[in-house]
1. Using a 10 Å cut-off around each Cβ, can you sort Lys7, Lys160, Lys118 from fewest to most neighbouring Cβ atoms?
2. With angles folded into 0 to 90 degrees, how steeply does helix 216-228 sit against the dominant principal axis of the chain? Use alpha carbons for both and round to 10.
3. Please turn the phi angles of the stretch 146-155 into ³J(HN,Hα) values with the Karplus equation 6.51 cos²θ - 1.76 cosθ + 1.60 (θ = phi - 60°), one per residue in order, whole Hz, x for glycine and proline.
4. Rank by packing, highest mean first: peptides 122-131, 63-72, with packing defined as the count of other Cβ atoms within 10 Å averaged across residues.
5. What full-extension length gain, to one decimal in nm, is calculated for Asn221 and Gln125 as 0.36 nm per residue of separation minus the Cα-Cα distance?
6. Just want to confirm a number: the relative contact order over the chain, from Cα pairs under 8 angstrom separated by 6+ residues, in percent.
7. If amide hydrogens are placed 1.01 Å from N in the peptide plane, which non-local residues have theirs closer than 5 Å to the one on Val61?
8. Once both labels are modelled 7 Å past Cα along the beta-carbon direction, what's the Arg212-Thr104 spacing in nm?
Amino acid sequence: MTTTSPKSVLITGGAARVGAMIARTLHASGVNVIIHYRSSAAAANSLIEDLNAIRPHSAAVVQGDLTDSQTPTGVIAAAVDAFGELHGLVNNASSFYPTPVGSTSVEQFDDLIGTNFKAPYFLMQAAATPLRESRGSIVNLTDIYAQRPLADHPVYCAAKAALVSLTRSMARELAPDVRVNAISPGAILWPENESDDDATRNSILDRTPLQRIGDPSDIANTARFLMLDAPFVTGQIIAVDGGRSVVP
Ligand SMILES: NC(=O)c1ccc[n+]([C@@H]2O[C@H](COP(=O)([O-])OP(=O)(O)OC[C@H]3O[C@@H](n4cnc5c(N)ncnc54)[C@H](OP(=O)(O)O)[C@@H]3O)[C@@H](O)[C@H]2O)c1
């Protein structure tokens, strides 16, 4: 895919935070975007209103809880319907919270594996045919914690590690028509549902060579590169982490 060819890209969990920045960045490059959301209806509708004001008929929404088994197929069908074809998929939706050993429920396990691993697989499977037709591209959002486990988050870390492996497998399975890559972010936005104290956040920054938290635009620009400007890149996991992954 080159900068001129992609026409429509689905971003899961695209209503807010990193996903919304990815959507805005791709849209600014001339791409039509389909914003998937689960519960952030107001944010999703406000985002597509903004984007459609910039360029009419260039943004659409699709709703669904990706832990429901029928949702991935339905979301891909709706994304294809929105613009008549599909050129890209960004697997951004995710749940993230601690699951200490000894108190992890089956529901938490299923939710973390469901959003971070199972849904991306079934989205990629459902998107394979339209993406092959368009010679499209997939970008998965993983996490540096896939490689270096975060304390008290064993299920989330394992789910993201599975997504790393899946990215490499799918790059083989969907070649030569579809490229599949991943971005492995370090600290970009602090989680909304976590009450990290300053000491925890400072210790993360102390182990980050660039000595700062990232910005959603750091991830979005990398997604744009992988989606639009990297026609010979597939099966790669790009760390966007301020150098965190090179510090022991
Ligand atoms: N933020 C960081 O610093 C950071 C660091 C490392 C990796 N990452 C990865 O980068 C990506 C974006 O990060 P983020 O912090 O912006 O993500 P986020 O805000 O935690 O989650 C993104 C969206 O995922 C959607 N989602 C959650 N559960 C869902 C479900 N069951 N079905 C459908 N959608 C669901 C939510 O949509 P609704 O709001 O519509 O419910 C949410 O807005 C994620 O994959 C994350 O793991 C982020």
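1. Numbers: Lys7 17, Lys160 27, Lys118 20.
In order of increasing Cβ crowding within 10 Å: Lys7, Lys118, Lys160.
2. Helix 216-228 sits roughly 40 degrees off the main axis of the chain.
3. Those phi angles translate into 5, 9, 10, x, 7, 3, 6, 10, x, 6 Hz.
4. Working: 122-131: 20.9, 63-72: 16.8.
Output ranking for 122-131, 63-72: 122-131, 63-72.
5. Difference between extended and current length: 32.0 nm.
6. On the way: 467 pairs, mean separation 52.6, N = 248.
Value for the chain: 21 percent.
7. It is Ile35, by chain and number.
8. Here the modelled spin labels are 3.6 nm apart.
Here, each number is a calculation from the coordinates, and none is a lab measurement. Predicted, not measured: the structure shown is a model, and the values here were computed from it. As a convention, Cβ positions derive from the backbone with ideal geometry for all residues, glycine included, and neighbour counts pool all protein chains shown.
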